[in-house]
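See below for the structure under consideration.
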Amino acid sequence: MASRRFPPWLVKRLPSPSRSHEVKALMRNKHLHTVCEEARCPNLFECFSRNTATFMIGGDVCTRTCGYCAVTKGAPEPLDTREPLHVAEAANHLGLEHVVVTMVNRDDLPDGAAGHVVATIEAIRELLPRTTVEVLVSDFMGDFVAVERVVRAGPDVFNHNIETVRRLFKSTRPNGDYERSLRVIGMAREIDPEMVTKSGVMVGMGETEEDVFSLMDDLREERVDCQIMTIGQYLSPRKKAIPVREYIHPDVYARYRLAGEARGFAHVFAGPFVRSSYNAEEALHASRGLGEGKLQGDPEARAFMTADGSGRNVPAPSRHLISLPVS
């Protein structure tokens with residue numbers, strides 16, 4: 001097991017907490033949850049201080065028991081039908097240009113809460129018609145109809161995180177299925193060949209570089225055709241969670257970026273602090289062929305071009321963004 005002492009590339013300077021308190025207050029006022037808080041994301045204070053957040057819809061209780069996740073497990077409450085509107089209102093209040101919507105797994109519902117995701121997309125489109133929308137969804141237990149409902153609602157990005165490599169999948173995600181997750185990503189492209197698809201993975205859980213390269217190959221198979229990949233350091237959120245086996249060196253993330261680009265991903269974001277919805281708008285622009293100019297000109301996006309891809313010490317952007325997630 002890795003030492004509790006973090007290596008230097010995992011030490012992050014925190015910004016002033018004053019602006020982050022304003023975002024937290026808005027979320028509580030709207031009765032909303034953020035994956036930033038529920039999953040104990042290391043970028044929380046940085047993102048909140050920039051008026052960005054990753055919202056988690058469907059409540060704050062997940063029906064699955066993944067060993068890496070800090071989100072509460074158990075029997076969820078009924079869906080809050082006001083939540084989609086509240087998400088849209090929060091995004092409107094913050095003046096967001098890109099909204100990422102995630103969710104807890106809701107295996108207790110016949111559609112896995114796909115309809116709730118659709119209602120949230122529609123509410124955002126109603127209030128913010130020019131805002132781009134990214135959904136980070138569950139695997140919906142492989143239900144093609146549920147995936148189709150979400151895709152037909154027209155998000156700009158369809159994201160489903162595979163989370164770990166094939167060899168570690170069953171021990172890490174006992175209620176999931178590696179092949180099912182690949183199928184779900186592929187379904188989105190089958191339903192809409194123009195859909196931008198995305199997936200993320202955590203490293204430092206005991207995988208080898210060869211495991212990650214194999215995962216990249218699986219994501220780039222013709223039947224899956226994933227365009228964007230994010231790779232970030234796993235950090236154990238609590239004592240009983242899966243332990244960190246290794247703190248991955250920045251040089252390894254550089255190799256992953258090169259390997260992913262060589263395999264045809266439109267963009268690979270890899271670094272210690274990279275998370276699936278962190279700087280999500282830059283990934284969307286990159287996948288649409290707008291990335292090079294944006295990465296050259298935007299100091300926020302240029303953070304991903306540093307040696308560690310960490311996004312540390314990034315100036316506040318001139319506009320506001322918001323993200324809303326799922327595992």
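Structural remarks
- Pick from the stretch 245-289, criterion of a type in the set (Ser, Thr, Tyr), assigned to a loop (DSSP other than H, G, I, E, B) and buried (at least 24 other Cβ atoms within 10 Å of the Cβ), ranking: modelled with the lowest pLDDT: TYR278
- Residues in the stretch 225-244 that are at pLDDT 95 or above and surrounded by fewer than 22 Cβ atoms within 10 Å (Cβ to Cβ): 1 in all.
- Residues satisfying the stated conditions in the stretch 150-181, i.e. under 16 Å from the mean Cα position of the chain (by Cα) and not small (Gly, Ala, Ser): PRO155, ASP156, VAL157, PHE158, ASN159, HIS160, ASN161, ILE162, GLU163, THR164
- Note on the stretch 198-224: residues that are of a type in the set (Lys, Arg) and either open to solvent by less than 10 Å² (accessible area, probe 1.4 Å) or more than 23 Å from SER138 (Cβ to Cβ) (or both) total 1.
The values are calculated or read from the model by the stated rules, or taken from the named source; none is laboratory data. Computed from a predicted model, the values in this text were never measured in an experiment. Counting neighbours? That spans all protein chains shown, and the Cβs are built from the backbone with ideal geometry, glycine included. What goes into the accessible areas is simple: the full protein's heavy atoms, side chains included, and nothing from ligands, DNA or RNA. Shrake-Rupley method; radii C 1.70, N 1.55, O 1.52, S 1.80 Å.
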